[in-house]
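In what follows, a single structure is set out as structure tokens and then discussed.
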Amino acid sequence: MSKHLLGVDFGTTALKACLFDEEGNCLASESAQYKLITKGEFIEFDAEEFFAVFKSTVDKIRKNYKIDALSVDTQGETLIVIDKDGKPLMNAIIWLDNRASEQAKKMENKFGIKKMYELTGQTEIPAGYPAPKIEWLKDNAPEIFEKAYKFLLLEDYIIYRMTGKFAASRALYSSSLLMNVHTGEYIPEVLDYLGITEDKLSTLYESGVVVGEYDGIKVTTSSLDQIAGITGAGVVKEGLMSETTGTALAVCAITNEFPPYFEGLKVPAHYVKKGTYCLLMWAPTAGAMLEWFKRSFCEGFDYGKIDVIAEKAPAGCEGLIALPHLCGTVMPENNPNAKGVFFGIEMKHDRGHFVRAIMESVAYMIKEYVDYMNLPIDQIRSMGGGGKSDLWCNIKSAVTGKTIVTLQQNETACLGSAMFAGVGIGAFDSVESAAEKIVTIKKTYKADSAEYQKIYKDYKEKEKKLMQIF
């Protein structure tokens, strides 16, 4: 009888849980929303409420289905501090929280970006990462720091509440600045700097390892939500890349070679498993600009109508270009002052030109990221809302010169976690065999790229000049 595998995806403001069988069929799904507590640079959430939301959601599925195994991927970098009785000593400090900016700068001065990259795979030391947050507690809340029995991230906190075990996935901890991205073990030099010992942290495991039980359900380790997402998309080997065009843009690729450091390196290398890394590039706004334009200038249009009017505009939009940087840029150049732009407007341009210009601008970012990573990519798997548009997928294929495919399963992070659960209990021999069995391609796009080669070159020249304004 096919095993029932539950994948739970714990995002920043929402949880999604999907139950799959061994063929990858989704049997049931539930979701829940929650609101963060924001006070200036402090962004928090009641840690116990995290588990309450999780339990309530899982219980809804358990009413109708037996669950054999589950795995929980989570947002990265959110820190939870508990006492010896397992009680949170304060609200969870969410990954978006920037209270530890001074401590992050001190760490950078102490270790240097080059050394930290070579140790952790991270190209910067943000205030939102766990290591600076722990130092912030030592400097600003010594009573909490001294009482702390364990410093946890969200996955290990949920695992602890389920099983009583302190266990976490290495594929979550690579952005903690606490773990060596090559060995998958904690970094003694960093722990000494923070004034903590390894027993203050969870035991680290590979993804898909059974670490306990929750009411008769086998519990396995999962990963960072982005890693779970690409796993559920079948991006589990070299030659494959994913792009997620939602509000933001995320582009991920797998490599077995750790990229060497160079001055100005921007792409972090996240741990997937020993000897395998996920390179991740992202932009704060992508689909968000199309949503803004639709809301502001195409009132009453659905996305199908948006596609129809954009399809009438030719490639290159007759000279109209868009810069989609409504919230600044992050990669490969960090410029928080960058703005959104429409340039080259003439009387001949209508709404369709503007929509297509936005779509092309996102495709150009993907092209830039593909070129920057410089990996041999055979295929890009398209996810998020942008993957629902045939026109947009064709534009992305034409601009990048790569085959674009979409997938049958939209909830790839939940599927990725379910795959980890299946590996843990032996339903699959490996993540790779699971992906081959259950990740199904929906549509394939292979467009002629010749026309866009000159258009892209012209775009980049104009973009360079426009970006000098900011």
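The values are calculated or read from the model by the stated rules, or taken from the named source; none is laboratory data. For clarity, every value in this text was computed on a predicted model and none was experimentally measured. Glycine also receives a Cβ, built like all others from the backbone with ideal geometry; neighbour counts cover every protein chain displayed. Accessible surface is based on the protein model in full, side chains and every heavy atom, while ligands, DNA and RNA are left aside. Shrake-Rupley method; radii C 1.70, N 1.55, O 1.52, S 1.80 Å.
Selection of first residues in the stretch 290-313 that are in a helix (DSSP H, G or I) and of second residues that are open to solvent by 80 Å² or more (accessible area, probe 1.4 Å), restricted to Cβ pairs under 6 Å at least 6 apart or on distinct chains, gives the following pairs, ordered by first then second residue: I309/R351. Checking each residue in the stretch 415-470 for being assigned to a helix (DSSP H, G or I), of a type in the set (D, E, K, R) and more than 15 Å from S207 (Cβ to Cβ) picks out E436, K437, E451, K454, K457, D458, K460, E461, K462, E463, K464, K465. Determine which member of the set T221, T276 is of a type in the set (S, T, N, Q) and surrounded by fewer than 24 Cβ atoms within 10 Å (Cβ to Cβ). None of the others qualify; the one that does is T276. For the stretch 343-384, the set of residues classified as in contact with a strand residue (DSSP E or B) (Cβ under 6 Å, 6 or more places away or on another chain) and of a type in the set (S, T, Y) consists of S361, Y369, S382, listed by residue number. Taken together, Y160, Y173 contain a single residue that is open to solvent by less than 10 Å² (accessible area, probe 1.4 Å), of a type in the set (F, W, Y) and within 17 Å of F10 (Cα to Cα), which is Y173.
Taken over the stretch 235-274, the residue count meeting the criterion of being over 12 Å from the mean Cα position of the chain (by Cα) and among the polar types (S, T, N, Q) is 3. Of the helices (runs of 4 or more DSSP H) lying entirely inside the stretch 26-132, those containing at least 1 residues that are over 21 Å from the mean Cα position of the chain (by Cα) and over 20 Å from G195 (Cα atoms) span 47-62, 113-120. Looking only at the stretch 248-295, residues that are within 24 Å of I125 (Cβ to Cβ), aromatic (F, W, Y) and out of contact with any Leu (no Cβ under 7 Å at 6 or more places or on another chain) come to 5 in all.
Of all residues in the stretch 386-408, those that are part of a helix (DSSP H, G or I), closer than 18 Å to G239 by Cβ, in contact with a helix residue (DSSP H, G or I) (Cβ under 7 Å, 6 or more places away or on another chain) and not basic (K, R) total 1. Here G184, G208 are screened, and the one residue that is part of a loop (DSSP other than H, G, I, E, B) and in contact with a Lys or Arg (Cβ under 6 Å, 6 or more places away or on another chain) is G184.
Here S31, S71 are screened, and the one residue that is in contact with a strand residue (DSSP E or B) (Cβ under 9 Å, 6 or more places away or on another chain), open to solvent by 60 Å² or more (accessible area, probe 1.4 Å), farther than 19 Å from W136 by Cα and hydroxyl-bearing (S, T, Y) is S31.
Being modelled with pLDDT under 95, of a type outside the set (S, T, Y) and either open to solvent by less than 10 Å² (accessible area, probe 1.4 Å) or more than 30 Å from Y214 (Cβ to Cβ) (or both) is true for just one of G112, G128. Which residue is that?
Residue meeting the stated conditions: G128.
I'd like to check something: does the stretch 431-448 contain any residue that is open to solvent by 50 Å² or more (accessible area, probe 1.4 Å), touching a helix residue (DSSP H, G or I) at 6+ places or on another chain (Cβ under 7 Å) and closer than 16 Å to E360 by Cβ? Within the stretch 431-448, one or more residues are open to solvent by 50 Å² or more (accessible area, probe 1.4 Å), touching a helix residue (DSSP H, G or I) at 6+ places or on another chain (Cβ under 7 Å) and closer than 16 Å to E360 by Cβ.
The residues of the stretch 137-157 that are open to solvent by 10 Å² or more (accessible area, probe 1.4 Å) and part of a helix (DSSP H, G or I), listed by number, are K138, D139, N140, P142, E143, I144, F145, E146, K147.
Considering the stretch 449-470, the residues that are open to solvent by less than 60 Å² (accessible area, probe 1.4 Å) and of a type in the set (F, W, Y) include one that is nearest to N25 (Cα to Cα), namely Y452. Checked against the criterion of being without any contact (Cβ under 8 Å) to a residue 60 or more places away in the chain, of a type in the set (D, E), over 21 Å from T183 (Cβ atoms) and open to solvent by 60 Å² or more (accessible area, probe 1.4 Å), the stretch 244-262 has no qualifying residue. Which of the residues that make up the stretch 240-282 are more than 25 Å from E333 (Cα to Cα) and small (G, A, S)? Passing the criteria: only G275.
Taking every residue in the stretch 414-437 that is within 13 Å of K3 (Cα to Cα) and pairing it with any residue that is at pLDDT below 95 and aromatic (F, W, Y), at least 6 positions away or on another chain, yields no pair with a Cβ-Cβ distance below 8 Å. Here's a check for you: in the stretch 329-357, which residue that is assigned to a loop (DSSP other than H, G, I, E, B) and among the polar types (S, T, N, Q) is farthest from Y372 (Cα to Cα)? If we take residues in the stretch 329-357 being assigned to a loop (DSSP other than H, G, I, E, B) and among the polar types (S, T, N, Q), then N337 is farthest from Y372 (Cα to Cα). Does the stretch 41-51 contain any residue that is open to solvent by less than 30 Å² (accessible area, probe 1.4 Å), in contact with a strand residue (DSSP E or B) (Cβ under 9 Å, 6 or more places away or on another chain) and free of Cβ contacts under 8 Å to residues at least 24 places away in the same chain? So far as the stretch 41-51 goes, no, none of its residues is open to solvent by less than 30 Å² (accessible area, probe 1.4 Å), in contact with a strand residue (DSSP E or B) (Cβ under 9 Å, 6 or more places away or on another chain) and free of Cβ contacts under 8 Å to residues at least 24 places away in the same chain. For the stretch 158-181, give me each residue that is touching a Leu at 6+ places or on another chain (Cβ under 8 Å) and assigned to a loop (DSSP other than H, G, I, E, B). Correct list: F166, S174, S175, S176, L178, N180, V181.
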